[in-house]
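Trainee: Below is one structure. I have some questions about it.
What follows is calculated from the coordinates using simple rules that are stated; it is not laboratory data. Because the structure is a prediction, the values reported are computed rather than measured. In this analysis, Cβ positions are derived from the backbone assuming ideal geometry, glycine residues included, and neighbour counts consider all displayed protein chains.
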Amino acid sequence: MSQNKTIGGGGFHHVAIRAHDFEASVKFYTEAMGFQKKISWGEG
């Protein structure tokens, strides 16, 4: 398993977050928190 240098542990596989404004949430997690978007799925 690859290490997450920011969190400094074993890392994690995936996260699911419900949001009213999806695009604003993506912007927050990528720009403010430094996360990387690896893959996305369509709506539904």
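Trainee: Inside the range 14-44, can you point out the residues that are in a loop (DSSP other than H, G, I, E, B), aromatic (Phe, Trp, Tyr) and within 12 Å of the chain's Cα centre (by Cα)?
Mentor: The initial filter retains those residues of the range 14-44 that are in a loop (DSSP other than H, G, I, E, B), namely 14-21, 33-44.
Imposing the further condition that a residue be aromatic (Phe, Trp, Tyr) reduces the set to 35, 41.
PHE35, the sole residue that qualifies.
Trainee: Looking only at the range 24-44, count how many residues are under 16 Å from HIS14 (Cα atoms) and surrounded by fewer than 10 Cβ atoms within 10 Å (Cβ to Cβ).
Mentor: Of the residues in that region, 8 qualify.
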